[in-house]
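**Q** Below is the structure I would like to discuss, written out as structure tokens.
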Amino acid sequence: MTSIIKIEVIYDGNSYFLQTTKHAYANLIVLLLNELTDEYFDDCKGMGKCGTCLIEILEGNDDLKGQDRNEETTLSKMNINQPNIKLACQLLVDESLKGIKIRII
Ligand code: FES
């Protein structure tokens, strides 16, 4: 049985509810670009190097609040050290995103 992943996204002051399944998208930025807006930026195409895909995790999985892959280097260059600020391109679309609420920065 395919597990449904529901995400609440705050974007431009509005709330949106997105629904997907595990690995339906390569990562969270691809999901947001496909399901919400093409105005959202991904200058490095998901390499984790440009920092244009910043999101804030408002509610949900505390395990997401660490920094993985290229996040630590990119966020430190931007002087960002809040654990709930993440690069959407570095988050895989899997069960770890279930029920989270995020804000696009
Ligand atoms: S798309 Fe460049 S850091 Fe995420």
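**Q** In this structure, does GLU71 turn out to be touching a strand residue (DSSP E or B) at 6+ places or on another chain (Cβ under 6 Å) and farther than 24 Å from GLY13 by Cα?
**A** yes
**Q** If we scan region 64-74, do we find a residue that is away from the ligand (no atom under 16 Å from the Cβ) and exposed (fewer than 15 other Cβ atoms within 10 Å of the Cβ)?
**A** yes
**Q** List the residue pairs whose Cβ atoms are under 9 Å apart, where the first residue sits in region 17-31 and is touching a residue at least 40 places away in the same chain (Cβ under 8 Å), the second is part of a strand (DSSP E or B) and among the polar types (S, T, N, Q), and the two are 6 or more positions apart or on different chains.
**A** LEU31/THR20
**Q** Next question, about the same structure. Being surrounded by 17 or more Cβ atoms within 10 Å (Cβ to Cβ) and assigned to a loop (DSSP other than H, G, I, E, B) is the filter; apply it to region 18-30 and report the residue that is farthest from the ligand (Cβ to nearest atom).
**A** Per the criteria, the residue is TYR25.
**Q** Here's something else I'd like to know. Look at region 75-100 and say how many of its residues are exposed (fewer than 13 other Cβ atoms within 10 Å of the Cβ) and assigned to a helix (DSSP H, G or I).
**A** 3
**Q** Another question about this same structure. I need the full set of residues from region 31-63 which are within 12 Å of the ligand (Cβ to nearest atom), surrounded by fewer than 18 Cβ atoms within 10 Å (Cβ to Cβ) and assigned to a helix (DSSP H, G or I), in order please.
**A** Scanning region 31-63 gives no hits.
**Q** I'm trying to understand the selection: among the residues of region 41-67, which are closer than 11 Å to ALA88 by Cα, touching a helix residue (DSSP H, G or I) at 6+ places or on another chain (Cβ under 6 Å) and not hydrophobic (A, V, I, L, M, F, W, C)?
**A** Answer for region 41-67, where residues must be closer than 11 Å to ALA88 by Cα, touching a helix residue (DSSP H, G or I) at 6+ places or on another chain (Cβ under 6 Å) and not hydrophobic (A, V, I, L, M, F, W, C): ASP42, GLY46, GLY48, GLY51.
**Q** In this structure, is LYS65 in contact with a Pro (Cβ under 8 Å, 6 or more places away or on another chain) and basic (Lys, Arg)?
**A** Yes, satisfied.
Throughout, read-outs are computed from the coordinates displayed, never taken from laboratory work. A quick note: this is a predicted structure, and the numbers were derived from the prediction, not measured. Here the Cβ is made from the backbone with ideal geometry for all residues, glycine too, and neighbour counts use every protein chain on show.
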